[in-house]
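Asks: Here it is, the structure, as structure tokens.
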Amino acid sequence: MSVELKNVSKIVDGMTHIHPTSLSLEDQDFNVLLGATLSGKTTLLRLMAGLERPSSGEVWFSGQDVTHVSVQKRNIAMVYQEFINYPNFSVFNNIASPLKVAGKKQDQIRRQVGEIAELLKLSEFLDRDVASLSGGQQQRIALARALVKHASLVLLDEPLANLDYKLREQLREELPKLFAASGSTVVYATSEPEEALMLGGHVATLHEGRVVQYGKTTDIYRRPENLECARIFSHPPINMAKIVKSNDLISIPGIAGWQCPESFRGRPDREYVIGVRPHHLSLTNMENSDRHVAVSGTVQLAEISGSSSLIHMRIDGNDWISESGGIHAYSMGENINVYMNLDGCLYFDQDGTAIH
Amino acid sequence: MISKSVKQSAWFFVIPVVFLVAFNALIPLMTVVNYAFQETFGDNVFFWEGLTWFEQVLNSDRFHDAFLRQIMFTSIILLIEVPLGIAIALSMPRKGPWVSVCLVLMALPLLIPWNVVGAMWNIFALPDIGLLGYSLNAIGIDYNFTQQPISAWITTILMDVWHWTSLVVLLAYAGLTAIPEAYYQAAKIDGASKWAVFKWIQLPKMKRVLTIAILLRFMDSFMIYTELIVLTGGGPGNSTTLLSIDLVKLALGQFDLGPAAAMSLVYFFVVLLICWVFYTLMMKNEQQ
């Protein structure tokens, strides 16, 4: 089912939660809403679900206006950050609940629940009480409920946020496959750029109640339309600095300079902004060093995250972060050189629009 | 093994607690035990009686009647207050300025001193001058709680419901507000009816607080004294003489210290036993 938001806005008690937004999601696509807390992800989901009515604009499903159609009639399923299951039901009855409401026959219910339970590795727990299971299993039950319904639209509101690291990784991998097989259109809200990348499909970046950009996840990651989008889609935060173009040279004044890229030629000589993702700043000089520029700064903090090191540095008034594989120890105040990958640099005009 | 040096000075810190517990629980209780097994005629002279008083109390019709009345009273008020309390809690607003108004209104009966509650209802229900009693008689209902056992019972139950339903409401309301909004949304998406939401989400989620509410209401109603003695004094006749009133009549009215002490202990163990059985059953249910 395709989903279309036509100039939808939401204002509650004079506060604008969603500015007029248009968004068009293809049938059976996996879509991610990426944005920080309070950027409007949940409100958008609720508008799609019909749990809230838009203050203006329309919601269309498969070419039909459903703005005033009730939640029950929209054939959707929703999974939340909290593990929402019927507290007194067994796992079987929990998964079966949407089918029972729909008035399906007993043997059909048993078959469908069995299949879904198999898929989500819940078969051995079907007779158990929900409360006796772990968080990961409880969330699997909630997912199973969403899947068994064969909803045309499945909305997932940070479903993995309350799970521990390992389970999150595992489910992140499984989820797109599960839903691809189900034939549902999926909208998945998350605040983690990494998660959006792993899930693939399409992504809509959100900032303060506006959709900043929508498109294929990889496109948006590689070619953000503006600084805001690049900022949303980068973790650790994207590094920024003012640059100056003069003739065919670009420089971060007093730090580094390099040849102007193709897309930049012919633009007026003045100040621009550069954005460099932390993993494009490496600690070692690469072999094809003509594509790398050395930048020197002082170490402010060196932290280890997973199997990579994050080096926070001060580079002439800018706080930058470099992310590189392996464990590296630096002490505070140390002077270091990092090598900036010119192919990874994103250029922006002063107003924030990207220059590709 | 690591040998620890024994510091006797630690005992010093336990002494206040020992005194506190001794004076407010152990010594009074032991006094009652003392009276329950012995006969005294004053002057601190005691004669050993063994289980005589217990046998006498447990075999007396008077105790049986009071006990039955007590069970009936507690059952009735539980059957009214718990469902009513849940119903009121469900209809209270979940957010907005009215929440505090409702909560204060609900808490009011709980803030009134118990004997004042009794006095209020006594005056309110008097057939000649009370608003309730006078109005009922004016519309042709023969009502006089000072003379008719049924009227006395109805008045007593009304008073208790008025006084204590709030407690159930407040506890149930606390349980309700603890349910995340997402549950209601999920139910809405599933197309669950209001009754289904109540039965499968709200009631199970309120189970713990309701257990406590029922326990508290059971204990308090089983030991009701102050409001009742002011309202009916146990009458007319013995019709509203519940256990505690009977006990006071026995101990202070007739000064039968031995039987009264024995009855106190029986009374205490009955409350303890019922609470224990109730709690164990509820908790067992919880684990399944």
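The values are calculated or read from the model by the stated rules, or taken from the named source; none is laboratory data. Keep in mind that what you see is a predicted model, and the values were worked out from it rather than measured. Cβ: placed from backbone, ideal geometry, glycine included. Neighbour counts: every protein chain shown. SASA here: full protein model, heavy atoms, side chains in, ligands and nucleic acids out. Shrake-Rupley method; radii C 1.70, N 1.55, O 1.52, S 1.80 Å.
Asks: For region A:307-356, which fully contained strands (runs of 3 or more DSSP E) count at least 1 residues that are among the polar types (S, T, N, Q)?
Replies: Numbers: elements: A:308-315, A:318-325, A:335-341, A:345-348.
Because the criterion is at least 1 residues that are among the polar types (S, T, N, Q), the strands (runs of 3 or more DSSP E) in region A:307-356 that meet it are A:308-315, A:318-325, A:335-341.
Asks: Turning to a different aspect of this structure: Residues in region A:75-84 that are more than 7 Å from chain B (Cβ to nearest Cβ) and open to solvent by 10 Å² or more (accessible area, probe 1.4 Å): how many?
Replies: Residues that pass the stated criteria total 3.
Asks: Can you find, within region B:77-135, the residue that is surrounded by the fewest Cβ atoms within 10 Å (Cβ to Cβ) among those that are charged (D, E, K, R) and not in a helix (DSSP H, G or I)? Even if it seems obvious, please write down each step before you answer.
Replies: We begin by selecting, within region B:77-135, every residue charged (D, E, K, R); these are B:81, B:94-95, B:128.
Still in the list and also not in a helix (DSSP H, G or I): B:94-95, B:128.
Values: B:ARG94: 13, B:LYS95: 7, B:ASP128: 9.
So, considering only residues that are charged (D, E, K, R) and not in a helix (DSSP H, G or I), the one surrounded by the fewest Cβ atoms within 10 Å (Cβ to Cβ) is B:LYS95.
Asks: Given the conditions (1) outside any loop (DSSP other than H, G, I, E, B); (2) within 14 Å of chain B (Cβ to nearest Cβ); (3) charged (D, E, K, R), and given that A:LYS104 satisfies all but one, which numbered condition is not satisfied?
Replies: Only one criterion in (1) outside any loop (DSSP other than H, G, I, E, B); (2) within 14 Å of chain B (Cβ to nearest Cβ); (3) charged (D, E, K, R) is unmet by A:LYS104, namely (1).
Asks: Looking at (1) over 15 Å from A:LYS6 (Cα atoms); (2) more than 9 Å from every other protein chain (Cβ to nearest Cβ); (3) surrounded by fewer than 21 Cβ atoms within 10 Å (Cβ to Cβ); (4) more than 28 Å from the chain's Cα centre (by Cα), find the lone condition where A:LEU38 falls short.
Replies: Evaluating A:LEU38 over (1) over 15 Å from A:LYS6 (Cα atoms); (2) more than 9 Å from every other protein chain (Cβ to nearest Cβ); (3) surrounded by fewer than 21 Cβ atoms within 10 Å (Cβ to Cβ); (4) more than 28 Å from the chain's Cα centre (by Cα) leaves (4) as the failure.
Asks: I want to confirm something. Restricting to region A:122-141 and keeping residues that are of a type in the set (D, E, K, R) and part of a helix (DSSP H, G or I), which single residue is farthest from A:LYS177 (Cα to Cα)? Don't jump to the end; show me each part of the working.
Replies: To start, the set of residues in region A:122-141 that are of a type in the set (D, E, K, R) comprises A:124, A:127-129, A:140.
Still in the list and also part of a helix (DSSP H, G or I): A:124, A:140.
Details: A:GLU124: 22, A:ARG140: 14 Å.
Of everything passing the filter in region A:122-141, A:GLU124 is farthest from A:LYS177 (Cα to Cα).
Asks: Further question: Being open to solvent by 100 Å² or more (accessible area, probe 1.4 Å), basic (Lys, Arg) and over 15 Å from A:LEU178 (Cα atoms) is the filter here, so list the residues in region A:101-121 that pass it. Please lay out each step first, then the result.
Replies: Initial filter on region A:101-121 (open to solvent by 100 Å² or more (accessible area, probe 1.4 Å)): A:105-107, A:110-111, A:115, A:118, A:121.
Among the residues that remain, those that are also basic (Lys, Arg) are: A:105, A:110-111, A:121.
Selection gives A:LYS105, A:ARG110, A:ARG111.
Asks: Being in contact (Cβ under 8 Å) with a residue 12 or more places away in the chain and more than 18 Å from the chain's Cα centre (by Cα) narrows it down to one residue among A:VAL101, A:VAL154, A:VAL130, A:VAL79; which is it? Explain how you work it out, then say what you get.
Replies: Details: A:VAL101 fails: in contact (Cβ under 8 Å) with a residue 12 or more places away in the chain; A:VAL154 fails: more than 18 Å from the chain's Cα centre (by Cα); A:VAL79 fails: more than 18 Å from the chain's Cα centre (by Cα).
Result of the check over A:VAL101, A:VAL154, A:VAL130, A:VAL79: A:VAL130.
Condition check ((1) open to solvent by 70 Å² or more (accessible area, probe 1.4 Å); (2) touching a helix residue (DSSP H, G or I) at 6+ places or on another chain (Cβ under 7 Å); (3) closer than 30 Å to A:ILE336 by Cβ) across all residues:
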site	(1), (2), (3)
A:HIS207	no, yes, no
A:THR217	no, yes, no
A:ARG231	yes, no, yes
A:SER234	no, yes, yes
A:VAL244	no, no, yes
A:ASN247	yes, no, no
A:ILE274	no, no, yes
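Asks: Scan region A:85-95 residue by residue and report those that are assigned to a helix (DSSP H, G or I) and within 11 Å of chain B (Cβ to nearest Cβ). Before the answer, list the steps.
Replies: We begin by selecting, within region A:85-95, every residue assigned to a helix (DSSP H, G or I); these are A:91-95.
Across region A:85-95, the qualifying residues are A:ASN93, A:ASN94.
Asks: So, in region A:181-219, how many residues would count as being farther than 18 Å from A:HIS279 by Cβ and in a helix (DSSP H, G or I)? Steps first, please.
Replies: First, the residues of region A:181-219 that are farther than 18 Å from A:HIS279 by Cβ: A:181-191, A:199-216, A:219.
Still in the list and also in a helix (DSSP H, G or I): A:181-182, A:199, A:219.
Of the residues in region A:181-219, 4 are farther than 18 Å from A:HIS279 by Cβ and in a helix (DSSP H, G or I).
Asks: Given the condition over 30 Å from A:GLU195 (Cβ atoms), part of a loop (DSSP other than H, G, I, E, B) and touching a Lys or Arg at 6+ places or on another chain (Cβ under 6 Å), answer yes or no: does some residue in region A:251-270 qualify?
Replies: yes
Asks: Also, I was wondering about something else. Tell me, which residue of region A:59-74 that is away from chain B (no Cβ under 14 Å) and without any contact (Cβ under 8 Å) to a residue 12 or more places away in the chain is nearest to B:TYR184 (Cα to Cα)?
Replies: The selected residue is A:ASP65.
Asks: Please identify the pairs in which a residue from region B:23-44 that is surrounded by 14 or more Cβ atoms within 10 Å (Cβ to Cβ) has its Cβ atom under 9 Å from the Cβ atom of a residue that is among the β-branched types (Val, Ile, Thr) and part of a helix (DSSP H, G or I), counting only partners at least 6 apart or on another chain.
Replies: So the pair list comes out as B:PHE37/B:THR52; B:GLU39/B:THR52.
Asks: Sticking with this structure for a sec: If a residue must be among the hydrophobic types (A, V, I, L, M, F, W, C) and in contact with a Ser or Thr (Cβ under 9 Å, 6 or more places away or on another chain), how many such residues does region B:142-172 contain?
Replies: First pass over region B:142-172, keeping only residues among the hydrophobic types (A, V, I, L, M, F, W, C): B:145, B:150, B:152-154, B:157-159, B:161-162, B:164, B:167-172.
After this cut, where a residue has to be in contact with a Ser or Thr (Cβ under 9 Å, 6 or more places away or on another chain) as well, the list is B:145, B:150, B:152-153, B:164.
Summing the residues that are among the hydrophobic types (A, V, I, L, M, F, W, C) and in contact with a Ser or Thr (Cβ under 9 Å, 6 or more places away or on another chain) in region B:142-172 gives 5.
Asks: Hey, another quick one. Looking only at residues in region B:171-199 that are under 28 Å from B:ILE274 (Cα atoms) and within 13 Å of another protein chain (Cβ to nearest Cβ), which one is least open to solvent (accessible area, probe 1.4 Å)?
Replies: So in region B:171-199, the residues under 28 Å from B:ILE274 (Cα atoms) come out as B:171-176, B:199.
Next, only the ones that are within 13 Å of another protein chain (Cβ to nearest Cβ) stay: B:175, B:199.
Numbers: B:GLY175: 8, B:LYS199: 84 Å².
Out of the qualifying residues, it is B:GLY175.
Asks: Is region A:42-53 home to any residue that is more than 13 Å from chain B (Cβ to nearest Cβ) and surrounded by fewer than 16 Cβ atoms within 10 Å (Cβ to Cβ)?
Replies: Within region A:42-53, one or more residues are more than 13 Å from chain B (Cβ to nearest Cβ) and surrounded by fewer than 16 Cβ atoms within 10 Å (Cβ to Cβ).
Asks: Okay, moving on. Tell me, which residue of region B:200-222 that is surrounded by fewer than 19 Cβ atoms within 10 Å (Cβ to Cβ) and within 10 Å of chain A (Cβ to nearest Cβ) is modelled with the highest pLDDT?
Replies: Filtering region B:200-222 for residues that are surrounded by fewer than 19 Cβ atoms within 10 Å (Cβ to Cβ) and within 10 Å of chain A (Cβ to nearest Cβ), the one modelled with the highest pLDDT comes out as B:LEU203.
Asks: I'd like to check something: does region A:145-152 contain any residue that is open to solvent by 50 Å² or more (accessible area, probe 1.4 Å) and over 21 Å from B:ILE189 (Cβ atoms)?
Replies: no
Asks: Any chance region A:6-13 includes a residue that's open to solvent by 60 Å² or more (accessible area, probe 1.4 Å), within 14 Å of chain B (Cβ to nearest Cβ) and either modelled with pLDDT of 90 or more or at positive phi (or both)?
Replies: Step one: of region A:6-13, the residues open to solvent by 60 Å² or more (accessible area, probe 1.4 Å) are A:6-7, A:11, A:13.
In the following step, the residues that additionally are within 14 Å of chain B (Cβ to nearest Cβ) were identified as A:13.
Next cut, either modelled with pLDDT of 90 or more or at positive phi (or both) only: A:13.
Yes.
Asks: Conditions: (1) under 20 Å from B:PRO83 (Cβ atoms); (2) at pLDDT below 90. B:GLY140 meets all but one. Number of the miss?
Replies: All conditions are met except number (1).
Asks: Scan region B:260-271 residue by residue and report those that are closer than 20 Å to B:GLY42 by Cβ and either open to solvent by less than 10 Å² (accessible area, probe 1.4 Å) or among the aliphatic types (A, V, I, L, M) (or both).
Replies: So the first thing to find is which residues in region B:260-271 are closer than 20 Å to B:GLY42 by Cβ, and the list is B:260-262, B:264.
Result: B:ALA260, B:ALA261, B:ALA262.
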